[in-house]
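Colleague: The structure is given below, and queries will be raised subsequently.
The values are calculated or read from the model by the stated rules, or taken from the named source; none is laboratory data. All of these numbers come straight from a predicted model, not from anything done at the bench. Methodologically, a virtual Cβ is constructed for each residue, glycine included, from the backbone with ideal geometry; neighbour enumeration extends over all protein chains shown.
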Amino acid sequence: MPEPCPVTPIHEVFSQVRRKSIVAVSFIAAFLFLIIVRLTNEVNFPLILNCFGQTSVRWIPFSYTQRRTLRTHYGYINVKTQEPLQLDCDLCAIVSNSGQMAAQKVGIEIDQSSCIWRMNNAPTKGYEEDVGKRTTIRVVSHTSVPLLLKYPEYFFREANSTIYVIWGPFRNMRKDGNGIVYNMLKKTVDSYPSAKIYVTTEKRMSYCDAVFKEETGKDRVQSGSYLSTGWFTLILAMDACYGIHVYGMINDTYCKSEGFRKVPYHYYEPGRDECDEYFLHENAPYGGHRFITEKKVFAKWAKKHTIIFTHPNWTVS
C-alpha cells in the first residue's frame, strides 16, 4: 500500500512565501538603486532637475572619485613642461566675477562640483560663503596676469593645485624672449615650480576668433572687439566638462528688464555699475568687449550643450 504524501504544515507554507517575497522585494530595490545611480551619472540629470523647477542644483556625480581617462587639449601648453593640457570634468561650476554673486550664499553648493572654474584675479578668501573656496581652473586674460603677480603667494603658493590657463595675443605670448606676458609666466614657474600654468597656442586663439565670426557674422578685429575671458572659459569648458553650471552671469536682456538688480561689475571691488559697464563696452567703437553679444551666443550654446545659468536664472527657449 503506497505511503501517503507528506503534508507541509501551513505555517511552513507561509514562511516560504514570506522568504520569496523578501527576496523579490530586495531584488526590485537593488534594481531601482542601480537605475538611480545610472541617472545621477548621466550628464543630463542636472537639466532634468532644472526642467522641474530645481534651478539650484545640488548634485555630485557618483563618478566624482572615479575619474575617466583625461582628455587632452592641444590648444593649451604648459609653460614649464611644454605638454598639452589634460583635463576631464563631470559637472563644472563656472563662477562669474559679477557683483551678482554677492549675498547669494551658494559657496557650499559650488564647492560640491567636480571642477570649479574662476576667471582672472577673482578672489575666494573672504567671499567663501557666496562663491566657495575651491578652485580647479582659473582662466586668465593676458592683461590680468600682473594683477595675479601682485599677490603671487596667494595665487601660486596657497593655490598650487589650481590649473591656470592664460590667454592672449601672439605678440604677448611669443616664446622667443619678446613675449612680455610669457616672460612673466616663465619667471613665475621658476619661483613657484609647482604652479600649473598653461598658455593658449596661436592656433587656438585663431580658432576662438573664428568661432566669434561664425556665431556673430562679424570679424573680431574689423569690428574692433576684444573677446572676454568668459568667452575663452566657455569654449574650453564645453570641451572639458560633461555638464556646466554658470553662476552669476546675466543674459543679454537683463539690463533692459524691469527691476533688475544693480550691482558692481565685480563682486570683490566697488566700481562702475555692471550694466553701465556692459553698455559702455558694447557701444565702444574700438577695443571693447562685446559682453551683450557674447551672452546671446552663450544662450545659443546652452541649447546644444549641457549648460544652465543661475543667479540670475536664464530662460533658454
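Colleague: When the residues of region 281-317 are narrowed to those that are outside any strand (DSSP E or B) and hydroxyl-bearing (Ser, Thr, Tyr), which ends up surrounded by the fewest Cβ atoms within 10 Å (Cβ to Cβ)? Give the steps one after another, and end with the answer.
Modeller: Filtering region 281-317 for residues outside any strand (DSSP E or B) gives 281-287, 290-306, 311-317.
Checking which are hydroxyl-bearing (Ser, Thr, Tyr) leaves us with 286, 293, 306, 315, 317.
Values: TYR286: 8, THR293: 18, THR306: 19, THR315: 8, SER317: 5.
That would be SER317.
Colleague: Here is a follow-up. Could you say which residue among TYR247, TYR267, TYR278 is closer than 27 Å to GLN222 by Cα, surrounded by 20 or more Cβ atoms within 10 Å (Cβ to Cβ), at pLDDT 95 or above and of a type in the set (Phe, Trp, Tyr)?
Modeller: Details: TYR247 fails: closer than 27 Å to GLN222 by Cα; TYR267 fails: closer than 27 Å to GLN222 by Cα.
Result of the check over TYR247, TYR267, TYR278: TYR278.
Colleague: Go through the residues of region 191-212 one by one and say whether even a single one is outside any loop (DSSP other than H, G, I, E, B), out of contact with any helix residue (DSSP H, G or I) (no Cβ under 9 Å at 6 or more places or on another chain), within 20 Å of SER96 (Cα to Cα) and of a type in the set (Ser, Thr, Tyr).
Modeller: The answer is no; no qualifying residue exists.
Colleague: Only residues that are part of a strand (DSSP E or B) and in contact with a strand residue (DSSP E or B) (Cβ under 9 Å, 6 or more places away or on another chain): list them for region 251-280, please. Write out each step before concluding.
Modeller: First, the residues of region 251-280 that are part of a strand (DSSP E or B): 264-266, 269-273.
PRO264, TYR265, PRO270, GLY271, ARG272, ASP273 - these are the residues of region 251-280 that are part of a strand (DSSP E or B) and in contact with a strand residue (DSSP E or B) (Cβ under 9 Å, 6 or more places away or on another chain).
Colleague: Moving on to the next point. For region 175-197, does any single residue satisfy the condition of being modelled with pLDDT of 95 or more and on the phi > 0 side of the Ramachandran plot?
Modeller: Among the residues of region 175-197, at least one is modelled with pLDDT of 95 or more and on the phi > 0 side of the Ramachandran plot, which makes the answer yes.
Colleague: Could you check region 202-224 and list, in sequence order, the residues that are exposed (fewer than 14 other Cβ atoms within 10 Å of the Cβ) and farther than 17 Å from TYR74 by Cβ?
Modeller: Correct list: GLU214, GLY217, ASP219, VAL221, GLN222.
Colleague: Considering only region 110-161, how many residues are in contact (Cβ under 8 Å) with a residue 40 or more places away in the chain, assigned to a helix (DSSP H, G or I) and buried (at least 16 other Cβ atoms within 10 Å of the Cβ)?
Modeller: Total meeting the criteria: 5.
Colleague: Moving on. Would you point out the residue of region 198-224, among those that are among the polar types (S, T, N, Q) and modelled with pLDDT under 95, that is nearest to the chain's Cα centre (by Cα)?
Modeller: The first filter runs over region 198-224 and keeps only residues among the polar types (S, T, N, Q), leaving 200-201, 206, 216, 222-223.
From the residues that got through so far, the ones that are modelled with pLDDT under 95 too are 222-223.
Working: GLN222: 30, SER223: 28 Å.
Looking at residues that are among the polar types (S, T, N, Q) and modelled with pLDDT under 95, I get SER223.
Colleague: If you check LYS304 against the conditions, is it under 25 Å from LEU91 (Cβ atoms), out of contact with any His (no Cβ under 9 Å at 6 or more places or on another chain) and either free of Cβ contacts under 8 Å to residues at least 12 places away in the same chain or not basic (Lys, Arg) (or both)?
Modeller: On the way: under 25 Å from LEU91 (Cβ atoms): yes; out of contact with any His (no Cβ under 9 Å at 6 or more places or on another chain): yes; either free of Cβ contacts under 8 Å to residues at least 12 places away in the same chain or not basic (Lys, Arg) (or both): yes.
Taking the combined requirement at face value, the residue satisfies it.
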